[in-house]
Structures are given as structure tokens and as C-alpha cells.
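First comes the structure, then the notes that go with it.
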Amino acid sequence: MAADLIDGKAFAADVRGRVATQVARLQEVHGITPGLAVVLVGEDPASQVYVKNKGIQTKEAGMASFEHKLDAGVAEADLLALIADLNADPVVHGILVQLPLPSHLDESLVINAIDPAKDVDGFHISNVGLLATGQKAMVPCTPLGCLMMLRDRHGDLSGMEAVVVGRSNIVGKPMAQLLLRDSCTVTIAHSRTKDIEDVVRRADIVIAAVGRAQMVPGDWIKPGATVIDVGINRIPAPEKGEGKTRLVGDVDFDSAAAVAGAITPVPGGVGPMTIACLLANTLTACCRANGLAEPEGLTA
Ligand code: NDP
């Protein structure tokens with residue numbers, strides 16, 4: 001492997017540590033404790049694990065964690081009433097509604113009911129607009145984590161060619177906006193992109209956010225490029241035993257690592273950064289709500 005490994009686990013631990021230090025300072029100097037409310041609707045096992053981990057890491061950072069578990073059949077009006085209560089609650093600085101929601105609930109209506117200043121996932125339409133117009137926004141956690149790792153690796157990103165593969169609202173589009181804001185020359189590739197390998201080969205920075213196991217092989221990567229693999233895909237792993245599986249990214253790690261300058265692994269790359277950035281966003285929201293300076297190095 002020629003590429004440097006970007007250790008997202010260690011990076012995320014560092015971000016969480018910096019958040020915890022600033023939370024302790026906020027409490028000591030101002031008597032304020034940042035609070036994160038997480039709303040989980042239904043019993044989806046993966047969502048339950050995410051919510052549990054978020055709660056644990058929120059408390060470890062010294063913040064207050066409020067969990068609201070609602071029945072899968074909750075009426076939309078009741079969910080909206082809970083969000084209105086959380087919007088009005090001064091000890092809650094961040095609100096996250098775990099997605100996906102059951103199909104009888106209108107996801108955009110629910111997300112857009114959150115106070116944009118407390119929208120620590122950065123999915124509210126106001127935050128989307130603020131980010132797109134280069135104004136102060138709450139930035140979606142996964143792209144924010146990718147940006148932090150890129151800035152750490154390169155410092156100034158300006159003038160770099162960046163190719164984002166994937167145009168979803170939660171990863172691809174906000175990632176492209178952030179890279180544009182940092183003055184990269186940005187291309188967004190998607191399922192209709194022609195000659196995608198040639199497009200990706202131009203990139204100094206490749207962000208893969210597709211959801212297709214090992215789709216990007218090493219021969220699409222420009223030598224020395226930085227590769228950030230957002231994908232999380234489960235594939236059969238017969239070498240581990242019958243019926244076993246393992247996680248892989250959207251990039252074929254072995255062949256890409258042979259040519260890239262730096263690469264994130266899956267697991268242990270972007271994944272851990274997402275919750276770390278959720279904590280960073282909660283701290284940022286708390287500082288903004290109290291008219292205090294934003295935490296340095298933890299925002300876009
Ligand atoms: P979506 O399914 O919402 O979007 C996938 C995007 O990939 C679409 O824009 C789609 O294009 C594009 N795409 C699909 N097939 C191809 C192809 N053959 N060539 C080029 N582009 C293609 O996924 P998400 O953005 O939500 O997630 C992407 C991946 O990132 C998933 O594996 C997900 O699990 C992972 N993820 C990881 C997170 C983390 O914390 N590490 C957080 C969020 C997501 P089109 O629009 O044309 O259909």
C-alpha cells in the first residue's frame with residue numbers, strides 16, 4: 001500500500017476530545033451545558049444502535065442527552081408537537097430526528113419543523129439554502145467530517161480538483177458545496193455521468209458517496225490523489241465462515257490504496273467522524289444560541 005491511511009477513528013476521537021474540552025470550559029465559565037435531543041420513531045434495529053451510540057458519546061463529551069422514543073405508529077401531529085416543545089426548550093440546543101421515518105410520516109415536513117438553529121443534522125431547507133449561498137449554516141455531519149479530514153491533510157484546498165461521486169441531499173450535494181466554499185474546482189458525478197472513470201481520474205480529491213460496494217477501482221484514481229470513501233456496504237465474506245459478511249466502502253480499497261496519496265478505510269474512516277461532527281454541531285449551536293464565539297476548528 002503506497003497511500004497514507006487517514007485514520008478516521010483516531011481523528012474522531014480527537015474531535016470528541018476537543019468538543020469535551022470546550023464543553024467543560026462552557027460549563028466552568030458560563031454555567032451552560034449543551035444539550036442534544038434525539039427523536040427515534042419505531043424499532044428499526046440499525047436506528048436503535050445509532051441512537052444508543054449517539055447518547056453514549058453525547059454524555060461522554062459532557063453534554064446533556066435527551067432521548068425521545070416514539071411508537072412506530074405515532075401520529076404526525078404528535079411528532080410535530082414534540083418537535084415544537086423541543087424547539088422551545090432552552091436546555092435543548094440540538095435536535096435530531098433519526099431517519100428514515102415510517103412511511104406514514106412526511107420526512108421533509110418533520111425535518112423542516114425543527115428550528116434551523118437547532119438543526120444539528122443540517123437537513124432543514126434553511127440550512128441547505130444558507131450553505132448553498134455561502135452563509136453561516138448548520139452543516140450536515142458526514143460532509144463536515146470529510147471536510148475536516150481534507151483540511152487536516154492538505155491545509156488550504158483552494159484550486160484543487162475535487163470529484164464527488166453521488167448527489168444525495170445528505171452527502172453528495174452538501175459535500176460539493178463545502179468543497180466549492182473552500183475554492184476547489186468541483187465536479188459532481190452520478191448514475192448518468194458519462195465516462196465516469198475519466199471524470200474521477202481528473203481529481204486531486206475523490207469523495208465516493210454512492211452505496212455500491214467497491215465501485216471505484218484503483219485505475220480510476222489519479223496517482224497521489226486523496227480518496228475519501230463515504231460508502232458503507234455489507235458484502236458476503238465466506239472467508240470468515242458460512243453466511244458471514246463484512247463492511248466495504250464504495251472504493252476498492254486495495255487497488256486504490258496502491259495509487260492514492262491518502263485514503264480512508266471502511267470501516268474506521270468517515271463513519272466515526274459523523275457522530276463526532278454531530279457533537280461538534282451541537283456545541284456550535286449552543287455557542288450561537290448564547291451569543292458566544294464558535295468553537296475553533298470544529299465548524300465549516
Ligand atoms: P443515496 O442512495 O441517497 O445516493 C447515492 C448516489 O449515488 C446517487 O446520487 C446516485 O446517483 C449515485 N449513484 C448510484 N449508482 C451510481 C453509479 N453507478 N455511478 C455513479 N453514481 C451512482 O446514498 P447516500 O448519499 O445517502 O449514501 C451513499 C453511501 O454513503 C451509502 O453507502 C451510505 O450507507 C453511506 N453513508 C455513510 C455515512 C457515514 O456516516 N459514513 C453517512 C451517510 C451515508 P443518481 O442521483 O443519479 O441516482
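The values are calculated or read from the model by the stated rules, or taken from the named source; none is laboratory data. The structure displayed is predicted, hence computed values, not measured ones. Using ideal geometry, Cβ is built from the backbone for each residue, glycine included, and neighbour counts are taken over all protein chains shown.
One residue stands out among those in the stretch 236-257 that are assigned to a strand (DSSP E or B) and within 12 Å of the ligand (Cβ to nearest atom): the one that is surrounded by the most Cβ atoms within 10 Å (Cβ to Cβ), which is 251. Please work out if residue 103 is surrounded by fewer than 14 Cβ atoms within 10 Å (Cβ to Cβ), assigned by TED's automatic domain parsing to the domain that holds residue 39 and within 16 Å of the ligand (Cβ to nearest atom). Spelling it out, it is not the case that residue 103 is surrounded by fewer than 14 Cβ atoms within 10 Å (Cβ to Cβ), assigned by TED's automatic domain parsing to the domain that holds residue 39 and within 16 Å of the ligand (Cβ to nearest atom). Assigned by TED's automatic domain parsing to the domain that holds residue 40 and among the polar types (S, T, N, Q), is that true of residue 112? For residue 112, the condition - assigned by TED's automatic domain parsing to the domain that holds residue 40 and among the polar types (S, T, N, Q) - is met. Is the stretch 204-211 home to any residue that is modelled with pLDDT of 95 or more, out of contact with any strand residue (DSSP E or B) (no Cβ under 9 Å at 6 or more places or on another chain) and more than 20 Å from residue 4 (Cβ to Cβ)? For the stretch 204-211, residues modelled with pLDDT of 95 or more, out of contact with any strand residue (DSSP E or B) (no Cβ under 9 Å at 6 or more places or on another chain) and more than 20 Å from residue 4 (Cβ to Cβ): absent.
Quick one: in the stretch 266-294, which of the residues that are surrounded by fewer than 20 Cβ atoms within 10 Å (Cβ to Cβ) and not charged (D, E, K, R) is nearest to the ligand (Cβ to nearest atom)? Among residues in the stretch 266-294 that are surrounded by fewer than 20 Cβ atoms within 10 Å (Cβ to Cβ) and not charged (D, E, K, R), the one nearest to the ligand (Cβ to nearest atom) is 267.
For (1) in the same structural domain as residue 109 (by TED's automatic domain parsing); (2) surrounded by 18 or more Cβ atoms within 10 Å (Cβ to Cβ); (3) within 21 Å of the chain's Cα centre (by Cα); (4) over 12 Å from residue 283 (Cβ atoms), each residue gets a yes or a no:
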position	(1), (2), (3), (4)
17	no, no, yes, yes
20	no, no, yes, no
46	yes, no, yes, yes
52	yes, no, yes, yes
60	yes, no, yes, yes
67	yes, no, yes, yes
78	yes, no, no, yes
90	yes, no, no, yes
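Out of all the residues in the stretch 106-127, which are surrounded by fewer than 23 Cβ atoms within 10 Å (Cβ to Cβ) and in a helix (DSSP H, G or I)? Within the stretch 106-127, 107, 108, 109, 110, 111, 116, 117, 125, 126 meet the criteria.
Looking only at the stretch 174-194, residues that are free of Cβ contacts under 8 Å to residues at least 40 places away in the same chain, within 16 Å of the ligand (Cβ to nearest atom) and not hydrophobic (A, V, I, L, M, F, W, C) come to 6 in all.
Residues in the stretch 235-267 that are basic (Lys, Arg) and either at pLDDT below 95 or touching a Lys or Arg at 6+ places or on another chain (Cβ under 7 Å) (or both): 240, 246. Residues that are away from the ligand (no atom under 12 Å from the Cβ) and under 21 Å from the mean Cα position of the chain (by Cα) were ranked within the stretch 207-230; the one that is surrounded by the fewest Cβ atoms within 10 Å (Cβ to Cβ) is 226. If only residues of the stretch 137-169 that are assigned to a loop (DSSP other than H, G, I, E, B) and surrounded by fewer than 18 Cβ atoms within 10 Å (Cβ to Cβ) are counted, the one that is nearest to the ligand (Cβ to nearest atom) is 168.
When the criteria are applied in full, residue 197 fails the requirement of being modelled with pLDDT of 95 or more, farther than 27 Å from residue 275 by Cβ and either aliphatic (A, V, I, L, M) or away from the ligand (no atom under 16 Å from the Cβ) (or both).
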